[in-house]
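Colleague: Have a look at this one before I ask anything.
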Amino acid sequence: MHKTVTDEVLTAEDRQLHYERWQWGGRLPSERLRGVRGSNVLGLLTFDSDLVHALDVAGPEVQRAVALLAARRACEAAGLTDVAWVNQALTALTQGHPLPPHFDDPDQMWETLRSTPLVPGPTVLGAMPPERPPYLPPPPAGWTWVPAAEPRDDGATRYELDRLPGSRAPMVSATLLVYPAGTPDVSGPISQPYFALPAVLAAADADPLKAALDAVWHALHTHGEHYPALLKEIWAVCSGRAHK
């Protein structure tokens with residue numbers, strides 16, 4: 001590895017915080033978010049980092065409302081609300097009761113789903129997060145990141161270091177400091193019921209924040225390519241109750 005001015009100035013902690021700020025949408029996470037173990041929070045960040053932070057500060061009442069809404073919308077999108085045993089679970093969530101049989105044993109839940117006759121719904125493609133700029137570490141003193149003249153082979157933007165005007169900064173090897181923007185593959189058709197039931201399980205989690213984050217995550221993927229409409233409704237719940 002080439003040693004740069006950045007390596008000499010920034011500590012390992014500085015570099016980690018710089019990356020985390022990018023990862024979490026331009027701000028550092030709270031200790032609550034850092035502590036949500038076993039959740040899909042990092043995945044949800046790629047779709048809407050502002051929503052993640054909004055859910056964090058919304059409070060337990062709003063978090064529970066979001067989790068319940070996400071679970072219900074997931075089941076609606078998957079055509080499961082008319083299935084008796086699924087509707088019983090949604091009713092239990094609404095009333096704050098434990099989930100009924102089928103949901104207390106994942107193997108049984110999936111087996112029951114496989115044996116339940118369902119009307120095929122429309123073809124839905126998987127959810128893909130919006131494109132975002134790549135992570136670029138702090139440049140060495142006197143340098144800045146600029147788009148390279150030539151893109152990657154797949155057409156994605158490539159970045160390289162360039163000296164700032166008037167800078168007498170020492171030469172730095174830019175070859176190892178190029179951070180291409182990722183280009184995700186287009187996701188194929190999904191089976192919505194298999195994404196919806198985990199949203200119900202997630203909404204029942206004892207931790208309100210984790211319940212909200214994971215229920216939204218699974219509901220988002222249940223909606224697939226149509227997920228922006230779901231997030232708009234989730235935002236309405238956060239905005240409408242967060243200031244009460």
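Colleague: If I stretch the segment between residue 94 and residue 194 completely, what's the gain in nm (0.36 nm per residue apart, minus their alpha carbon distance), one decimal?
Modeller: Here the answer is 33.9 nm.
Colleague: Out of 88, 144, 155, whose Cα points farthest toward the positive end of the dipole of the stretch 88-177 (charges: +1 Lys, Arg; -1 Asp, Glu; placed on Cβ)?
Modeller: 144
Colleague: Related question: Treating the angle as unsigned and between 0 and 90°, give the value, to the nearest 10°, between the Cα long axis of helix 192-203 and the longest Cα principal axis of the chain.
Modeller: That works out to roughly 90 degrees.
Colleague: Shifting gears a bit: Between residue 114 and residue 135, what FRET efficiency comes out of the Förster formula 1/(1 + (r/R0)^6) with R0 = 41 Å and r the beta carbon distance, rounded to 0.05?
Modeller: Approximately 0.50, to the nearest 0.05.
Colleague: Turning to a different aspect of this structure: If we count every other residue with Cβ under 14 angstrom of residue 70's Cβ, Lys/Arg +1 and Asp/Glu -1, where does the sum land?
Modeller: So the surrounding residues net to 0.
Colleague: Work through the residues other than residue 220 whose Cβ is under 15 Å from its Cβ and net out their charges, Lys, Arg +1 and Asp, Glu -1.
Modeller: -3
Colleague: Right, next: Quick one: net charge around residue 208, please, counting Lys, Arg +1 and Asp, Glu -1 for every other residue with C-beta under 12 Å from its C-beta.
Modeller: Neighbour charge sum, excluding residue 208 itself: -2.
Colleague: Counting only protein heavy atoms, what percent of the accessible surface of the chain is carbon or sulfur at a 1.4 Å probe?
Modeller: The value for the chain is 55 percent carbon and sulfur by accessible area.
Colleague: Estimate the FRET efficiency between residue 15 and residue 84 by the formula 1/(1 + (r/R0)^6), using the beta-carbon distance for r and 51 Å for R0, to the nearest 0.05.
Modeller: 0.40
Colleague: To test your reading of the geometry: what angle, between 0 and 90 degrees and rounded to tens, separates the Cα axis of helix 12-23 from the longest principal axis of the chain?
Modeller: 50
Colleague: Relative to the longest principal axis of the chain, what angle (0 to 90°, nearest 10) does the C-alpha long axis of helix 49-58 take?
Modeller: Approximately 60 degrees, to the nearest ten.
Colleague: How high is the FRET efficiency from residue 157 to residue 76, r the C-beta distance, R0 30 Å, rounded to 0.05?
Modeller: 0.20
Colleague: Also, I was wondering about something else. Under the rule of -39500 (n - 2.57) per DSSP H run of 4 or more residues, summed and divided by the residues of the chain, what mean residue ellipticity at 222 nm is obtained, to the nearest 500 deg cm²/dmol?
Modeller: Helix contribution divided over all residues of the chain: -14500 deg cm²/dmol.
Colleague: Hey, another quick one. Rounding to the nearest 20 debye, state how big the charge dipole of the chain is about its Cα centre with +1 on each Lys and Arg Cβ and -1 on each Asp and Glu Cβ.
Modeller: Around 560 debye, computed over the chain.
Colleague: Also, quick follow-up: Figure the gain on full extension for residue 22 and residue 104 (residue separation times 0.36 nm, minus the Cα-Cα span) and round it to one decimal in nm.
Modeller: Result for the pair: 25.7 nm of gain on full extension.
The values are calculated or read from the model by the stated rules, or taken from the named source; none is laboratory data. What you see is a predicted model; the values in this text were computed from it and never measured. Here Cβ is always computed from backbone atoms with ideal geometry, including for glycine, and neighbour counts include all displayed protein chains. Note: areas computed on protein heavy atoms with side chains; ligands, DNA, RNA excluded. Shrake-Rupley method; radii C 1.70, N 1.55, O 1.52, S 1.80 Å.
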